[in-house]
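Here is the structure we will look at, set down as structure tokens.
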Amino acid sequence: MTGKNNKFFHNGLICIIFGVLLISPLVSRSEKHRETADTLFRRTPGTITPQGPYRPENPKKSDILYTRLDIQFDWVKQQAPASAVLMFKPHFYPQNTLELDAKGFDIKEINLLDTLANYGDIAAGEIAGKVKKKLEYTYDKRKLIVKLGKNYMRKDTLFIKIDYVARPNDVPRGKADDNVSDKGLYFINADGMDEGKPRQIWTQGETEGSSCWFPTIDAPNQKFTHDFYITVDSTYKTLSNGLLISQEEKKKGMRTDHWKQSLPHAPYLAMLAVGDFAVAKDMMPNGLELSYYVEPKYGADAHAIFGRTPEMIGFFSNVFGMDFPWEKYAQIAVRDFVAGAMENTTATVHEEGVQNDTRSLVDGNSDAVIAHELAHHWFGDYVTCEEWGQLPLNESFANYSEFLWSEYNNGRYEADWQNLQEMRAYLAEAETKQVPMIRYFYKDRENMFDSHSYAKGGRILHMLRTYVGDDAFFASLQHYLKTHAFGTAEIDDLRMSFEKITGQDMNWFFDQWFHKPGHPVLKIQQEYATAGGGKVLLKVKQAQDTLAATVYRLPLKVDVWVSGKKNRYDVTLDKASQTLEFPAAKRPDLVIFDADAQLLGVIEHEKSRKEMQFQYLNADRFLHKYEALASLEGAMADSTVKNILVKAMNDPFWKLRQMAISNFAEYDGTGFVDIEKVIQERAKLDPHPQVRTEAIITLASFGDNNNDSIFREALSDSSYQVVSVAMEKYLMGQPDDASSIAAQFENSPNDAIVTSVANYYAGLAQPERFEWFLEKMKLMKPTEKYNFLQVFGKYLIKSKQDIQRKSIPVLEGLARDNPSYFVRFGAFQALGLLTDIQGVSALRKDIRSKETEPKLKEMYNQFGDL
């Protein structure tokens with residue numbers, strides 16, 4: 001899964017800069033701020049996070065083998081009347097009860113069915129007359145314990161039928177790991193009163209949400225097949241796991257869709273979705289059908305959004321050494337989803353931000369999250385972690401698959417840039433949280449969905465791949481998948497697959513990276529000695545807390561450049577302090593520690609400006625070039641540095657061009673005219689929209705009107721991002737045609753452009769624009785709505801008090817009820833601008849006190865006065 005609950009690991013990032021909350025777009029990996037070498041490479045390790053109780057694999061008293069579910073929906077009550085037939089057997093020891101997870105149900109009746117009933121008949125619906133006896137049960141709204149009447153043995157297969165009503169809004173709360181947003185089954189705009197929002201139903205099962213809508217043993221070590229019969233208004237489409245077997249028209253405009261999942265998977269991967277969707281299809285050469293469900297207005301864009309999926313399936317099938325193991329693959333975008341995306345078997349659910357018109361995709365697509373959820377169909381769905389403490393067996397592989405796809409599709413530098421962002425995400429988390437990757441002790445299973453399980457895990461796999469080599473790495477993955485097909489696994493199963501393939505003991509690697517917290521912090525002191533023909537000395541100290549973490553064994557490579565020639569050496573660190581020696585006839589031009597740029601950790605290796613200049617010009621890894629450019633920031637008084645940055649503005653890789661251009665913001669030194677011309681050229685002609693955007697921002701920083709014509713020309717750019725930034729910079733200069741330009745773009749289909757126009761209108765503070773602000777904000781996606789709220793706040797500050805008062809109930813409604821926690825926070829912030837009005841401070845206090853979302857409560861505690 002991407003972005004579990006309110007955590008945006010892969011397709012979104014929340015950061016606090018200078019006391020302001022910034023949220024980047026969910027579907028783009030664009031960078032919103034600039035970093036120095038210190039912030040990227042010199043982080044200090046955090047404290048070890050306290051552990052919780054021991055979390056064993058869920059004991060298997062019984063195994064659910066199959067479920068037949070008949071379900072319909074009461075939109076008014078937001079409930080789901082249903083019946084479930086469960087086929088199960090005792091796992092090993094005799095059982096006289098069946099313990100099920102069933103949260104918030106109204107149980108109507110439970111019956112034991114004749115054990116001679118044919119399994120196929122039950123799947124086909126022929127269950128009438130097969131009731132053997134009514135069963136007694138106990139139920140506390142969480143656990144349903146069915147009394148079977150006698151002991152049954154592991155050779156016995158039983159069928160029970162449970163009639164019930166699922167009431168997701170009444171799921172019990174009160175335990176430490178209960179989250180009010182976790183209710184399994186979600187009705188969106190159930191009464192149809194939310195203008196512009198479609199009516200939808202969808203489910204979210206991870207971690208224990210499936211038992212909010214059907215009775216099961218809601219643990220990842222259960223594997224079962226199922227038939228879901230979903231009865232809906234015939235105007236709606238449905239989606240579920242497996243294949244659509246039939247659609248039967250019923251009375252009163254209703255229809256029952258039969259979806260069959262014939263291959264076993266875990267309960268948390270079961271899903272259904274209902275709504276009005278446009279469906280586009282693709283077909284793989286082997287006949288595998290792919291489908292893409294989007295809102296009707298995005299129907300023409302569905303292939304642009306998801307169209308790389310067939311190639312992704314082919315790519316992953318090749319590198320993982322086995323074909324896509326399921327019967328179909330569908331992807332669907334829904335409103336108000338509680339995660340970034342979810343890898344339900346054969347039917348991935350995406351949040352609405354994945355939907356963009358084709359032009360928007362110029363600025364960045366959702367390939368990373370699409371690849372992530374697709375890869376789960378091997379790692380997570382096909383082979384499942386046996387317990388949530390083993391979650392990296394699911395999420396680390398999905399995370400690293402983003403890198404693999406980017407490496408294949410976009411090139412190594414793009415993948416390495418992505419790799420750096422993931423490492424940065426983990427290091428930021430590690431400042432306050434350090435836990436083992438595999439956690440046998442934890443307080444809350446939801447806390448497993450963090451940057452350790454995702455970002456750190458992906459980087460560990462990258463190191464493992466580098467260590468054993470590509471052939472052995474992918475052969476080991478194939479062995480792991482085939483050995484545990486349709487089953488579960490723990491981390492030692494993965495280790496044994498690598499040992500089986502490589503013939504090497506891998507316990508040291510798995511122990512230090514998966515079972516111990518933290519990461520290496522390497523402090524390197526470089527010296528040169530003339531004795532013995534000359535040699536370079538690297539005194540390396542492992543500065544991390546070796547009592548809390550470990551002394552790492554680190555095989556890596558070192559590049560030593562002498563007289564412009566590179567020599568590469570293999571070394572292994574395995575001591576807290578050690579000295580490495582390399583021959584060098586003269587003082588080296590440069591030494592690069594970890595030449596493969598694969599180490600997850602912090603490397604402190606002081607280098608001169610001259611060495612960093614050499615590093616940018618000669619290194620062949622993205623990370624080393626990036627580090628060099630970052631170190632040269634603010635040093636343009638040095639003509640050599642300035643010339644290197646000018647050269648870098650034409651670097652083959654877009655990120656390095658963007659970094660170089662950003663260094664010239666507010667530049668007024670020698671050669672200004674020529675430098676400005678280069679940046680103007682980048683603004684007009686650079687092939688990458690991020691670079692064109694950066695060029696426009698930099699040109700605007702020069703504080704003259706020389707570039708207004710460039711900003712005006714950029715309003716016709718193919719990139720919405722470029723247009724939105726150019727719009728903001730152009731209107732900032734108050735040109736004569738400002739009003740006409742704003743009017744021309746105020747109804748743009750792109751929210752970022754509308755926000756730029758709104759920024760101009762906010763400065764004018766015209767009372768008649770109030771309704772315009774509300775109308776535009778109403779239809780925006782959550783992330784864009786947050787950004788728009790900041791501009792709306794600017795408008796309110798400049799407005800008269802009658803306008804401010806009119807905004808209070810609007811902002812209150814958003815702050816209390818919006819499904820997106822960061823929109824609620826944005827509205828809360830906007831209310832904070834109106835505290836001069838009587839009652840607003842008390843209103844904000846009440847909003848804070850009644851908020852139930854843990855993440856938002858934490859943000860209120862940290863930034864509540866913003």
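Straight-distance candidates among the aspartates and glutamates for linking to K108, with alpha-carbon spacing under 18 Å and chain neighbours fewer than 8 residues away dropped: D70, D74, E99, E136, D140, D163, D170. For region 518-524, putting each phi into the Karplus relation 6.51 cos²θ - 1.76 cosθ + 1.60 with θ = phi - 60° gives couplings of x, 7, x, 10, 9, 9, 10 Hz, in residue order, rounded to whole numbers and with x for Gly and Pro.
Subtracting the Cα-Cα distance of E606 and D511 from their residue separation scaled by 0.36 nm leaves 31.1 nm.
Listed peptides 812-820, 761-769, 666-674, 590-598 appear in the order 590-598, 812-820, 761-769, 666-674 once ranked by packing, highest mean of other Cβ atoms within 10 Å at the front.
Around D596, with a cut-off of 15 angstrom between Cβ atoms, what is the net charge of the other residues, counting Lys and Arg +1 and Asp and Glu -1? Don't skip to the answer; put the middle values down first.
Details: positive: R412, R459, R465, K557, K566, R568, R621, K625; negative: E407, D416, D470, D559, D570, D594, D620, E627.
It works out to a net charge of 0.
The shape of region 177-230 can be summarised by an equivalent ellipsoid whose semi-axes, obtained from the alpha carbon gyration tensor, come to 26, 15, 7 Å from longest to shortest. Please list, short to long, the whole-number percent of alpha-carbon pairs of region 521-612 in consecutive 10 angstrom bins beginning at zero. Final binned percentages: 16, 51, 27, 6, 0. Based on the Kirkwood approach, the hydrodynamic radius assigned to region 377-432 is 12.5 Å, with every pair of different Cα atoms included.
Taking Cα pairs under 8 Å and at least six residues apart, what relative contact order does the chain come out at, in percent? Before the final figure, lay out each step's value.
On the way: 1689 pairs, mean separation 84.5, N = 866.
Averaging sequence separation for qualifying contacts and normalising by length gives 10 percent for the chain.
Straight Cα distances below 18 angstrom link K482 to the aspartates and glutamates D323, E327, D381, E386, D471, E490, D492, D493, E499, with same-chain residues fewer than 8 positions distant left out. Between region 368-396 and region 697-716, the C-alpha centres lie 46 angstrom from each other. Close amide H pairs (under 5 Å, H built 1.01 Å from N) link Y528 with L537, residues at least 5 positions away or on another chain. Rounded to the nearest 20 debye, the dipole magnitude of region 63-375 is 1300 debye, with +1 charges on Lys and Arg beta carbons, -1 on Asp and Glu beta carbons, and the Cα centre as origin. Couplings 3J(HN,Hα) of region 577-585, computed from phi: 9, 7, 10, 9, 10, 9, x, 7, 5 Hz, in residue order, whole Hz [Karplus 6.51 cos²θ - 1.76 cosθ + 1.60, θ = phi - 60°; x for Gly and Pro]. Charge dipole (Cα centre; +1 on Lys/Arg Cβ, -1 on Asp/Glu Cβ; no other charges) of region 736-866 amounts to roughly 440 debye.
Determine, from the Cβ-Cβ distance of K778 and K143 and an R0 of 35 Å, the FRET efficiency 1/(1 + (r/R0)^6), rounded to the nearest 0.05. Please report the intermediate quantities before stating the final value.
Working: r = 42 Å, r/R0 = 1.21.
According to the calculation, E is roughly 0.25.
Ranking N151, P436, A280 by Cα position along the charge dipole of the chain, where only Lys, Arg, Asp and Glu carry charges on their C-beta atoms, puts N151 farthest toward the positive end. Each residue of region 661-675 was assigned a 3J(HN,Hα) from its phi angle through the Karplus curve 6.51 cos²θ - 1.76 cosθ + 1.60 (θ = phi - 60°); the sequence is 4, 4, 5, 9, 4, 6, 5, 9, x, 5, x, 4, 4, 5, 5 Hz, with glycine and proline shown as x. Please go through the residue pairs K539/K575; K539/K607; K586/K625; K89/K150; K535/K586 and name each one whose alpha carbons sit more than 18 Å apart in this structure. Among K539/K575; K539/K607; K586/K625; K89/K150; K535/K586, the Cα-Cα distance tops 18 Å for K586/K625. Relative to the longest principal axis of the Cα atoms of the chain, the long axis of helix 801-817 makes an angle of roughly 50 degrees.
Ranking H515, I188, P310 by Cα position along the charge dipole of the chain, where only Lys, Arg, Asp and Glu carry charges on their C-beta atoms, puts H515 farthest toward the positive end. Peptides 173-180, 625-632, 569-576, 369-376 ranked from most to least packed give 369-376, 625-632, 569-576, 173-180, packing being the mean of other C-beta atoms within 10 angstrom over each peptide's residues. In the calculated pair-distance distribution of region 614-680, the portion above 17 angstrom amounts to 32 percent of the Cα-Cα pairs. Once you divide the Cα radius of gyration of region 736-866 by 2.2 N^0.38 Å, the number left is 1.06. Think of the chain as having a plus end and a minus end, set by charges on the Cβ of Lys, Arg, Asp and Glu; of L814, T97, W561, T97 sits farthest toward the positive end of this dipole. About its Cα centre, the dipole of the chain is roughly 1600 debye, where the only charges are +1 on Lys and Arg Cβ and -1 on Asp and Glu Cβ. Debye-formula intensities of region 632-722, expressed as log10 I(q)/I(0) at q = 0.10, 0.14, 0.15, 0.16 Å⁻¹, are -0.22, -0.44, -0.50, -0.57 (one equal scatterer per alpha-carbon, no solvent). Applying a threshold of 29 Å to the alpha-carbon distances of K250/K328; K785/K850; K443/K516; K223/K857; K60/K132 flags K223/K857 as lying beyond it.
For region 798-855, what is Rg from Cα atoms divided by 2.2 N^0.38 Å, rounded to two decimals? Numbers along the way, then the final one.
On the way: Rg = 11.2 Å, N = 58, 2.2 N^0.38 = 10.3 Å.
Here the Cα radius of gyration is 1.08 times the empirical estimate.
Put in line by how crowded their Cβ is, counting other Cβ atoms within 10 Å and starting with the fewest, M254, M659 read M254, M659.
So what is the calculated 222 nm ellipticity per residue for the chain, using -39500 (n - 2.57) for each DSSP H run with n of 4 or more, over all residues, to the nearest 500 deg cm²/dmol?
Values: 27 runs with 302 residues, N = 866.
The helix-only estimate for the chain comes to -10500 deg cm²/dmol at 222 nm.
Here the alpha carbons of the chain define both size measures, Rg and Dmax, at 29.1, 95 Å.
Only the coordinates and a few stated rules stand behind these numbers; no lab work does. None of the values given here were measured: they were computed from a predicted structure. In this analysis, Cβ positions are derived from the backbone assuming ideal geometry, glycine residues included, and neighbour counts consider all displayed protein chains.
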